[in-house]
Amino acid sequence: CWNVLLGDMSIVGPRPHQPREVEKYQSHERRVLAIKPGITGLSQLYGGHGVRHSRRLDRIQVARKCARLDLEIVAASFVVNVVGKKRTKSWLTWLRRRARDARRTVRSQDRAAGPALAAVRRVAGTSI
């Protein structure tokens, strides 16, 4: 927290880089160094699979840098810290399955209703 107030770190950003890691970085990986490291980020939330995976997550975060992603990361960090990483992961898995099942249900209803009703649904953007 003190580092954020001093301006050395940001709230959301890639993880801090060790000098021994930076020596091994290739040119496309050095773009990460242009952004201040953060207290939380994609590699802090979804890391734990090794340095290569964390570096890849850092590159993704730099490439997709926007305020919405930062807000989503802060919200996810809050949830993970309050609920716990294991419960959050199981809840997200459950939520993804529900969304997948809902999409399958809509597709099967579209097939059963015929092409005309499916076209109306696509245009209206609703489930009639």
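The values are calculated or read from the model by the stated rules, or taken from the named source; none is laboratory data. All values derive from a computational prediction rather than experimental measurement. FYI the Cβ positions are ideal-geometry reconstructions off the backbone, even for glycines, and counts take in every protein chain you see. These accessible areas exclude ligands, DNA and RNA; they are computed on the full protein's heavy atoms, side chains included. Shrake-Rupley method; radii C 1.70, N 1.55, O 1.52, S 1.80 Å.
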Note down the nm distance, to one decimal, between modelled labels 7 Å out along Cα→Cβ at LEU95 and at ALA75. 0.8
If you roll a 1.4 Å probe over segment 1-42 with all protein chains in place, what percent of the accessible area is carbon or sulfur? 58
Excluding residues fewer than 8 places away in the same chain, name every one of the lysines whose C-alpha is closer than 28 Å to that of LYS86. LYS65
Alpha-carbon radius of gyration plus Dmax, which is the widest Cα pair, for segment 1-94 in Å: 13.7, 41
I want the local charge near LYS24. Using Cβ-Cβ distances under 12 Å, sum +1 for each Lys or Arg and -1 for each Asp or Glu among the other residues. +1
Using 0.36 nm per residue, how much length does the chain from TRP2 to LYS85 gain when fully extended, once their Cα-Cα distance is taken away? 27.4 nm
Amide H neighbours of SER10 under 5 Å, at least 5 residues apart or on other chains, H built in the peptide plane: list them. GLY38, ILE39
Under the Karplus curve 6.51 cos²θ - 1.76 cosθ + 1.60, θ = phi - 60°, whole-Hz ³J(HN,Hα) for segment 50-58, x wherever Gly or Pro sits: x, 5, 4, 5, 5, 5, 5, 5, 4
